[in-house]
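What follows is a single structure, written as structure tokens, with notes after it.
The values are calculated or read from the model by the stated rules, or taken from the named source; none is laboratory data. Keep in mind that this is a model prediction, so the values were computed, not measured. All Cβ positions, even for glycine, are placed from backbone atoms using ideal geometry, and neighbour counts span all protein chains on display.
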Amino acid sequence: MSAEAVTAERSVTPARTWYAISSFVLSLIGLGAAGYLTYEHYTGSTTLACKDTGTVNCLKVTTSTYSTQLGIPVAVLGLLFYVVMAALCSPPAWSLARRWGAVTWVRLAWSLVGVLMVFFLVWAELFRIDAICLWCTAVHVVTVALFGVLVFAAALADEE
Amino acid sequence: MGTDSRARASAREKAAEMRAAERRRERRQRILIALGLVVAVVVVIGGLVGVKLASGGKATSTAKPASPASDQIIKDVTSVPTSTFNAVGAGTASNFPSPINPPGPQAAGKPRTLYVGAEYCPYCAAERWALAVALSRFGSFGTLGVTHSSTVDVFPNTATLTFHNASFASDVMAFTAYETATNQVNQAGTGYVPLDTLTAADQQLEAKYNAPPFVPASAQGTIPFIYFDGHYVQSGASYSPQVLAGKTQEQIAASLADPNNAISKAVVGSANVLTAAICTTTQQKPVDVCTSPGVVAGAAKLGTS
């Protein structure tokens, strides 16, 4: 290995490790939040009553007409998204990506799907449901952060 | 080392430098593209939030205000065939009145059923249909309004009746109703325009009996709230407003006579249960109503939720 290559390897390895660790941690955080929302979807309050004067709340979001898409609860779609994302961002997947570059682009494309869904859900919360759910917002923030990490990881993938 | 060797080495170094410079240029380009994508995502989300804030960030219910019900709606609601009541039984009602033991305060004259709700509330929207059908078996409505639940809450814009300014006359019972708010969001965007105010006595009654142990802790202080003259209490709707989604008042009212219709099963089924609860306050009067198969089926559900 040439001195230049050694220098390059030293300079990119910490970055690659950082992308791998941060993306996996973000995926697990997203998985946890999406898992909680799915649990709440199936076990949450079914009280047929108005609790307040329509003030912003999570129940209003998770029980709105936008909480189901194509007959599937959005919470379940979020959980499915993060199960796949956690697998794509797991240490073995990062190792595989070094040998098979397509993994990097599949991972990025999948995170882009998540970002597009975030656009739709933020729009629905702000302009249709008129309520913000903090758990949903946490998932949105993690999804955008994950996209940021993965887009940089893909941009610098050739250096690995 | 000869001149040629030095020249070749120099050329190799220059080529290496050029390759390195090209790699750095490509790297910068890729970083800029990545940065651009992330910024674009943040700008889109920030833009959505900005537009919302610029529009005042307030909820803006576009539900129509209340208006008088048509004669046809009143006729359909107040003249459901006895055969339909009996065929439906408890129907698809899923939330039932709970008994008060020992009995709570009772009205001085005729036994009184007290209702507290609000026009914006979709669960009240569902419950009013059932309560109006049930009450029609004990007396008659002089006036009755129609309205919709809030367009910015769950089950938006559910078509319903309103008890605000409604008049009800009966030989065997009295009915007091409060719609505490309209379906119109107030100027501050923090709630709905207030409507009826409870008397101090009814406020006390509601505060005491719309709380544990009379209703589940999760339902404390919620609406709709119905107090059956000290015998039973109900917090929350008898069925989900989902069954009324997308229907007009005319369509809902016209569905009530058909015992096989999903709306009828929910509304008339709930009405039979509510009728059974009211019958406990009127000493089972009128007898033909309180002993009918539909109401007997409804009575079997009392206190079971």
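Screening the stretch A:119-160 for residues that are under 30 Å from residue B:20 (Cβ atoms) and of a type outside the set (A, V, I, L, M, F, W, C) and picking the one that is farthest from the other protein chains (Cβ to nearest Cβ) gives A:160. I'd like to know if the stretch B:203-219 contains one or more residues that are part of a strand (DSSP E or B), on the phi < 0 side of the Ramachandran plot, within 14 Å of chain A (Cβ to nearest Cβ) and at pLDDT below 95. For the stretch B:203-219, residues part of a strand (DSSP E or B), on the phi < 0 side of the Ramachandran plot, within 14 Å of chain A (Cβ to nearest Cβ) and at pLDDT below 95: absent.
Checking every residue in the stretch A:48-70 against the condition of being among the hydrophobic types (A, V, I, L, M, F, W, C), modelled with pLDDT of 90 or more and over 18 Å from the mean Cα position of the chain (by Cα) gives zero matches. Test each condition in (1) part of a strand (DSSP E or B); (2) surrounded by 24 or more Cβ atoms within 10 Å (Cβ to Cβ) for residue B:154 and report the one that comes out false. All conditions are met except number (1). The set of residues from the stretch B:101-131 being of a type in the set (A, V, I, L, M), within 25 Å of the chain's Cα centre (by Cα) and either part of a loop (DSSP other than H, G, I, E, B) or outside the structural domain of residue B:153 (by TED's automatic domain parsing) (or both) comprises just one member, B:118. Would you mind stating whether residue B:224 is touching a strand residue (DSSP E or B) at 6+ places or on another chain (Cβ under 8 Å), within 11 Å of chain A (Cβ to nearest Cβ) and free of Cβ contacts under 8 Å to residues at least 24 places away in the same chain? Considered against the rule, which asks whether it is touching a strand residue (DSSP E or B) at 6+ places or on another chain (Cβ under 8 Å), within 11 Å of chain A (Cβ to nearest Cβ) and free of Cβ contacts under 8 Å to residues at least 24 places away in the same chain, residue B:224 comes out as no. Among the residues in the stretch B:150-162, are any more than 14 Å from every other protein chain (Cβ to nearest Cβ), under 24 Å from residue B:299 (Cβ atoms) and within 25 Å of the chain's Cα centre (by Cα)? No, there is no match, as no residue in the stretch B:150-162 is more than 14 Å from every other protein chain (Cβ to nearest Cβ), under 24 Å from residue B:299 (Cβ atoms) and within 25 Å of the chain's Cα centre (by Cα).
Just to be sure, is residue B:12 among the charged types (D, E, K, R) and either within 10 Å of chain A (Cβ to nearest Cβ) or not in a helix (DSSP H, G or I) (or both)? Here the answer is no, as residue B:12 does not meet what is asked.
Does residue B:39 count as among the hydrophobic types (A, V, I, L, M, F, W, C), surrounded by 11 or more Cβ atoms within 10 Å (Cβ to Cβ), assigned to a helix (DSSP H, G or I) and touching a residue at least 12 places away in the same chain (Cβ under 8 Å)? So residue B:39 does not fit the description; no.
Does the stretch B:96-114 contain at least one residue that is touching a residue at least 24 places away in the same chain (Cβ under 8 Å), of a type outside the set (Gly, Ala, Ser) and within 14 Å of chain A (Cβ to nearest Cβ)? Within the stretch B:96-114, one or more residues are touching a residue at least 24 places away in the same chain (Cβ under 8 Å), of a type outside the set (Gly, Ala, Ser) and within 14 Å of chain A (Cβ to nearest Cβ).
Being in a loop (DSSP other than H, G, I, E, B), in contact (Cβ under 8 Å) with a residue 12 or more places away in the chain, within 23 Å of residue B:136 (Cα to Cα) and not aliphatic (A, V, I, L, M): is that true of residue B:196 here? Yes: the conditions hold for residue B:196.
Would you check if there is a residue in the stretch A:145-158 being at pLDDT 95 or above, surrounded by fewer than 17 Cβ atoms within 10 Å (Cβ to Cβ) and more than 26 Å from residue B:53 (Cα to Cα)? No, the conditions are met nowhere in the stretch A:145-158.
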